[in-house]
Amino acid sequence: MAAPAVGSGGAALTGRSLQRQLQRSNRLRRLQAAALVAPLLLYLLLFFLWPIAGMLWRSIDNPELRQVMPQTASLIQGWEGQDLPDEAVLASFAAELRQSYQDKTLAVAAKRLAYESPGFRSLMFAAARALPETPEGSWRATLTGLDPKWGEPLTWAIIQRAAAPWTPIYLLAAIDHRLDANGGIVAAPADQAIYLGIFLRTFWIALVVTVLCLLLGYPVAYQLAALPPRQSNLLLILVLLPFWTSLLVRTAAWVVLLQREGVINDLLIKLGLIGEPLQLVYNRFGVYVAMTHILLPFMILPLYSVMRGLPPHYMRAAASLGAGPVRAFWRVYLPQTVPGIGAGCLLVFILAIGYYITPALIGGANDQMVSYFVAFFTNQTINWGMASALGAVLLLATLLLFALYARLVGIDRLKLG
């Protein structure tokens, strides 16, 4: 008995049902994949992207005057900069100046205005202490009588800039520039231009440490890659062993080793190489030594990862074609390790420019890096804008470095381990 034939309508219905099941299955797989990735994305958003966004915003945020003198900050934005602000602005300023002095919040606004003009803090407090309850004729005449500077449009232009929602002064100060009286960008005076020198020092220290790590780490990675897996794994544990010790402990250990009465100086004297102890710590030499030791594993691991995957018959083929060991290494082996060299140098350099503890403990006054000043503005002067601006410039330098690596080597060749 023959089976009943399936009509074209039934076949189409079955096809649509299978298509819907396939679409439902694909949606389910996408939802499962999204659920697996969601914790990582949430972690990156909360602990990476959000803090960076907050830092960038703080580098241009300008809240102080608007918090202490909100009405004045709003009214003065309508001033066109000719002559002095009208009487309503001056009356609002006088009232909020007196109130903030009584509430002990004037220091916040005065400190912010002092960033624009160094003498503004004393000007504000002197006016607040001598300000009468009612004006003597007009507030313009009253304020000008307290100090002639209140009769200068430049004084009120500074207040107007400080009352804006955002300001470029922190970012400009981070690159040794400032705003002049007319709001133009000019170079900072020579006695105040310090941050570009600090950035150059930071990049130079990071570059030297990166080169030292490459010179020391390349032979180690080469030897690890040439050994049998059992031996290389054992030696790799020794490379990773410093990670099991606190960074602070390792830095303090170098202070003990490098000090004038330390182990290294005692050993050099006993060997007859020196006659008196050398100054090996609290200077640039100590910073180089300690940072190279701490960052060396970050160079070895990417190099080892690349070298381990290189087929050994390439070198044998070069030798069979008449190349000596040195020429075969330079022409065949070294070019293949460029991704590892680039990744290791990139990783070490980026880590080095953000170092704080090691230079702070081992370096001298002229060896401190940008991170030291970020900590200084954050913890001591409580100048979050300046700290964020320095961090933003450092972030920009890191992104430019990464872009340069992507152009020269290629992100697709990045190997970190």
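Read-outs: derived from the displayed coordinates by stated rules, not from any lab. Keep in mind that this is a model prediction, so the values were computed, not measured. Here the Cβ positions follow ideal geometry from the backbone for every residue, glycine too, while neighbour counts run over all protein chains shown.
Could I have the simple spin-label model distance between PHE376 and LEU42, label points 7 Å from Cα toward Cβ, reported in nm to one decimal?
The two pseudo-label positions are separated by 4.1 nm.
Running a GNM on the chain with Cα contacts under 10 Å, which residue among ILE353, ILE175, ILE185 ends up with the highest mean-square fluctuation?
Of the options given, ILE185 has the highest mean-square fluctuation.
Placing unit charges on C-beta atoms (Lys and Arg positive, Asp and Glu negative, everything else neutral), compute the dipole magnitude of the chain about its Cα centre in debye, rounded to 20.
Numbers: 31 positive and 21 negative charges, 558 e Å.
The calculation lands at about 2680 debye.
Expected output is a single nm value to one decimal: the length gained when fully extending between LEU334 and LEU400, i.e. 0.36 nm times separation in residues minus the C-alpha distance. What is it? The partial results should precede the final answer.
Values: separation 66, 0.36 × 66 = 23.76 nm, distance 2.58 nm.
Working it through step by step, the gained length comes to 21.2 nm.
What relative contact order, as a whole-number percentage, does the chain give when Cα pairs under 8 Å and 6 or more residues apart are counted?
Rounded, it is 17 percent for the chain.
Binned at 5 Å from 0, what are the whole-percent values of the Cα-Cα distance distribution for the range 166-244, short to long?
Result, from short to long distances: 3, 12, 13, 12, 10, 8, 7, 7, 7, 7, 7, 4, 2, 1, 0 percent.
What distance in nm lies between label points placed 7 Å from Cα along the C-beta direction at SER74 and ARG250?
Here the modelled spin labels are 5.5 nm apart.
Expressed as cubic angstrom per residue, what is the convex hull volume of the alpha carbon set of the range 210-322?
Given the Cα convex hull of the range 210-322, per-residue volume reads 154 Å³.
Computed FRET efficiency, Cβ-Cβ of TRP50 and LEU22, R0 35 Å: what is it to the nearest 0.05? Could you put the intermediate results ahead of the total?
On the way: r = 39 Å, r/R0 = 1.10.
Efficiency, rounded to the nearest 0.05: 0.35.
Given springs between every Cα pair under 10 Å in a Gaussian network model of the chain, which of ASP86, ASP191, ASP103 has the largest fluctuation?
Judging by the Gaussian network model, the answer is ASP191.
How large are Rg and Dmax for the range 4-115 when only the alpha carbon atoms are used, in Å?
31.9, 100
Please identify the GluC sites (Glu not before Pro) of the range 63-126 that satisfy two criteria: DSSP loop assignment and at most 16 other Cβ atoms within 10 Å. Which are they?
Here the sparse-neighbourhood loop sites are GLU80.
Show that you can apply the helix-only estimate: for the chain, add -39,500 (n - 2.57) for every DSSP H stretch of four or more residues, divide by all residues, and state [θ] at 222 nm to the nearest 500.
So the calculated ellipticity at 222 nm is -21000 deg cm²/dmol.
Please report, in whole Å, how far the alpha carbons of the range 272-334 spread along each principal axis, starting with the longest.
Here the Cα extents, ordered largest to smallest, are 55, 29, 16 Å.
Going highest first, how would you order 220-229, 334-343, 397-406 by mean Cβ packing within 10 Å?
On the way: 220-229: 15.7, 334-343: 18.2, 397-406: 14.0.
Those peptides, ordered most packed to least, come out 334-343, 220-229, 397-406.
Where Rh is the Kirkwood radius over the Cα pairs of the range 195-413, the temperature 25 °C and the viscosity 0.890 mPa s, what D in µm²/s does Stokes-Einstein return?
For the chosen part, D equals 126 µm²/s.
Which residue fluctuates the most in the chain, going by a Gaussian network model with Cα springs under 10 Å, if the choices are LEU321, LEU347, LEU28?
LEU28
With only alpha-carbon atoms counted, please give the Rg and Dmax of the range 64-167, in Å.
In order Rg, Dmax, the Cα atoms of the range 64-167 give 12.2, 35 Å.
With θ taken as phi - 60° and the coefficients 6.51, -1.76 and 1.60, list the Karplus ³J(HN,Hα) couplings across the range 294-304 in order, rounded to whole Hz; mark glycine and proline as x.
Per residue, the Karplus-derived 3J(HN,Hα) values read 6, 8, 4, x, 5, 8, 5, 4, x, 5, 4 Hz.
For the range 195-413, what does the relative contact order come out to in percent, with C-alpha contacts under 8 Å and a separation of six or more? Write down the numbers at each step before the final one.
Numbers: 221 pairs, mean separation 60.7, N = 219.
After rounding, I find 28 percent.
Mind pulling the per residue volume of the convex hull built on the Cα atoms of the chain? Å³ is fine.
332
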